[in-house]
Amino acid sequence: MSSSQKPKFIKIYVMGRAYEVPEGLTIMKALEYAGFRLIRGVGCRGGFCGACPTVYRLPGDYKLRIGLACQTIVQDGMHLVILPFVPMEKPRYNIDELKPDAGLILSLFPEVSRCVSCNTCTKACPQGLDVMDAVQAILRGDIAKAANTIFDCISCGICSMRCPAEIRHIHLFQLIRRLYGKYILPKAKHVEERLKEIESGKYEEELNKLMVTPIEKLKKLYSERKIET
Ligand code: FES
């Protein structure tokens, strides 16, 4: 490699210890370059699973910043710590016994009524979602609006880490999606029909055949399958 192709190295600090890493890496790749074997706080590596929230500071800036380790590029002088998970209590409920209304949601998540509309959650969201709008929609009982607003939530928990009202967004939004799917969205007729077909044993013979098909043949069948467009 010629000297012009050599990567430029920058210094990052992980839990206060300095490491030289090539510039341009994500935090996750930089950690691995520095010798960390990531077991917790890593999942899809593509910004979808929400497993890698990381807290960092930049030189000369007191602000605590938060981002996904697999998506955030390291910067010279960055101090960081990766958080393996965001602890928050999950309420227990039976979705069949619930109703999609604000009162019920508040009985499970009373902290939602403490929202001060500071918008910190929205600013913190690595997905760029209007988290505060969703919380406000929940307070108004507009479950459909809330569910659509947080459709791309990856449950990283960063909004909750920053929320002064200590709202448990991950679990709250999971409930919203469940209520929306069960009580508000129209039923998917074709799925119901397919379920009936499966229960009636229509695919039993074909499935049994697949179970004893050699792996190479299965791969060929898979790659040649008809895809709906
Ligand atoms: S590893 Fe899945 S979002 Fe970062």
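What follows is calculated from the coordinates using simple rules that are stated; it is not laboratory data. Owing to the predicted nature of the structure, the values given are computational and were not obtained by experimental measurement. All Cβ positions, even for glycine, are placed from backbone atoms using ideal geometry, and neighbour counts span all protein chains on display.
Quick notes on this structure:
- Dimensions (Å) - the chain, Cα atoms, principal axes, largest first: 66, 56, 30
- Cβ charges +1 (Lys, Arg) and -1 (Asp, Glu), total dipole of the chain, debye: 500 debye
- Counting only cysteine Cβ atoms and a cutoff under 4.7 Å, the chain contains unmatched residues 52, 70, 115, 118, 125, 153, 156, 163.
- The tail of the calculated P(r) for region 9-82 beyond 20 Å holds 20 percent of all Cα-Cα pairs.
- The calculated FRET efficiency for the pair residue 215 and residue 183, based on their C-beta separation and a Förster distance of 35 Å, comes to about 0.25.
- Three-way shape call for region 139-217 based on the alpha-carbon gyration tensor, with the a/c threshold at 1.5: oblate
- The residues 115, 159, 121, when put in order of fewest to most other Cβ atoms within 10 Å, stand as 115, 121, 159.
- Take the chain and mark each of the GluC sites (Glu not before Pro) that is in a DSSP loop with at most 11 other Cβ atoms within 10 Å; the longest unmarked stretch, sites excluded, is 1-88.
- Checking the Cα-Cα distances for 8/63; 202/226; 11/123; 187/219; 189/226; 8/123 against a 29 Å cut-off, the pairs over it are 187/219; 8/123.
- Within the same chain, aspartates and glutamates fewer than 8 places from residue 182 are excluded, and of the rest, those with a Cα less than 20 Å from its Cα are 96, 97, 101, 142, 152, 192, 193.
- Summing charges over neighbours of residue 135, with a neighbour being any other residue whose Cβ is under 15 Å away from its Cβ, gives +2 when K and R count +1 and D and E count -1.
- Computed over region 72-149, the percent of Cα pairs more than 17 Å apart is 61.
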